[in-house]
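Quick notes on the structure that follows.
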Amino acid sequence: MTCVPSPLLGRRVSMRHSIGRYIDGEQSRRRDIALSLNLNGSARRLRLDSRLTLLDALREHLGMTGTKMGCDQGACGACTVLLERKRVLSCLVLAAQCHGRDVTTIEGLARDGQLHPVQEAFIRHDGFQCGYCTPGQIMSAVALLEEGRAGSDEEIREFMSGNLCRSGAYPNIVAAIREAAGREGD
């Protein structure tokens, strides 16, 4: 969780928990909005603070805890989801921006009890160590494949560079994506 120095309170305060709380004796101005989105193929309706991120809406209001909060600054990729089939960092997108749009999380990849081919490849190639970054890695890999950006290992590394793995499973991640792209023998 990101903490920042608070000149108002003279101590470090979590940015995440400052929304909707009292700061310097005044309540912040909360503006709730009605929101509907198509989450993993199901229509969902919510009423949320207009300043809430997509990450917080997914985890705290929709129970999609597979999407992880890493840096809360868009630097690590742990929160990657698909918005209209394009990868986005959900910590940097407001939930309000997703009104009427399709959002896919790691929970929405498997169909009829069958894992997505990228998920299967990650398992076969041990494309994870601690597993914390794995949902974001897989969501980026799915988008990378749909974008046609897996022509070489260098291209995979370039287009996966926004997803950090603190355990260093990068060679296995590249091998898994290579297999999912149908380039296993390369």
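Side notes on the structure shown:
- Note on the stretch 131-140: among residues that are at pLDDT 95 or above and of a type in the set (Gly, Ala, Ser), the one that is farthest from LYS68 (Cα to Cα) is SER140.
- The set of residues in the stretch 26-81 being under 16 Å from GLU107 (Cα atoms) and of a type in the set (Gly, Ala, Ser) consists of GLY41, SER42, ALA43, ALA57, GLY63, GLY66, ALA78.
- Any chance ARG45 is farther than 19 Å from LEU144 by Cα and at pLDDT 95 or above: yes
- Matching entry among GLY136, GLY100 (being assigned to a loop (DSSP other than H, G, I, E, B) and closer than 19 Å to ALA57 by Cβ): GLY100
Condition check ((1) closer than 21 Å to SER90 by Cα; (2) at pLDDT below 95; (3) of a type in the set (A, V, I, L, M, F, W, C); (4) not assigned by TED's automatic domain parsing to the domain that holds LYS68) across all residues:
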| position | (1), (2), (3), (4) |
| --- | --- |
| ILE123 | no, no, yes, yes |
| GLN129 | no, yes, no, yes |
| VAL142 | yes, no, yes, yes |
| LEU145 | yes, no, yes, yes |
| ASP153 | no, no, no, yes |
| ARG166 | yes, yes, no, yes |
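- Pairs, first within 15 Å of TYR132 (Cβ to Cβ) in the stretch 153-179, second among the polar types (S, T, N, Q) and crowded, with 19+ Cβ neighbours inside 10 Å, C-beta under 8 Å, six or more apart: ASN163/THR80; ASN163/GLN137; ASN163/SER140; CYS165/GLN137; ILE173/GLN137
- Of the numbered criteria (1) in a helix (DSSP H, G or I); (2) surrounded by 24 or more Cβ atoms within 10 Å (Cβ to Cβ), the one GLY127 fails is (1).
- Extreme residue, surrounded by the most Cβ atoms within 10 Å (Cβ to Cβ), among residues of the stretch 57-69 that are outside any loop (DSSP other than H, G, I, E, B) and over 10 Å from the mean Cα position of the chain (by Cα): ALA57
- Of the set (1) under 15 Å from GLY182 (Cβ atoms); (2) in contact (Cβ under 8 Å) with a residue 40 or more places away in the chain, all apply to GLY100 but (1).
- Failed item in (1) within 12 Å of the chain's Cα centre (by Cα); (2) at pLDDT 95 or above, with ASP72 passing the rest: (2)
The values are calculated or read from the model by the stated rules, or taken from the named source; none is laboratory data. The model shown is predicted, which means the values in this text are computed figures rather than measured ones. Neighbour counts run over all protein chains shown; Cβ positions are idealised from the backbone, glycine included.
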